[in-house]
Amino acid sequence: MYIMINGEKTEMADPCTVTELLEERKIESPDMVSVELNQEILAKDVFTTTVLQENDNVEFLYFMGGGS
């Protein structure tokens, strides 16, 4: 199955949940990452139950502080 991750077409061996994808991609500080699935921000409490499907579009959004 193929999904888009941050604009890159990626082949996945099996369907997986958002949580499993975060683990597989070795995302640092997954608690600090927002996930957009098909242009909708997911609530963190559905990461473990949301199963990715063929042609899904996933974006990992990292928020950084800064300024003066």
Selection over region 14-59 where residues are exposed (fewer than 10 other Cβ atoms within 10 Å of the Cβ) and in contact (Cβ under 8 Å) with a residue 12 or more places away in the chain yields a count of 5
Taking region 20-50, which residues are within 11 Å of the chain's Cα centre (by Cα), at pLDDT 95 or above and among the β-branched types (V, I, T)?
V35, I41, T50
Scanning region 1-32 residue by residue, the ones that are touching a Leu at 6+ places or on another chain (Cβ under 7 Å) and under 21 Å from F63 (Cα atoms) total 3
Would you check if I27 is in contact with a helix residue (DSSP H, G or I) (Cβ under 9 Å, 6 or more places away or on another chain) and part of a loop (DSSP other than H, G, I, E, B)?
yes
Test: V58 is out of contact with any strand residue (DSSP E or B) (no Cβ under 6 Å at 6 or more places or on another chain) and modelled with pLDDT of 95 or more:
no
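The values are calculated or read from the model by the stated rules, or taken from the named source; none is laboratory data. Treat the numbers as computed from the prediction; the structure is a model and nothing was measured. Cβ atoms come from the backbone with ideal geometry, glycine included; neighbour counts cover every protein chain shown.
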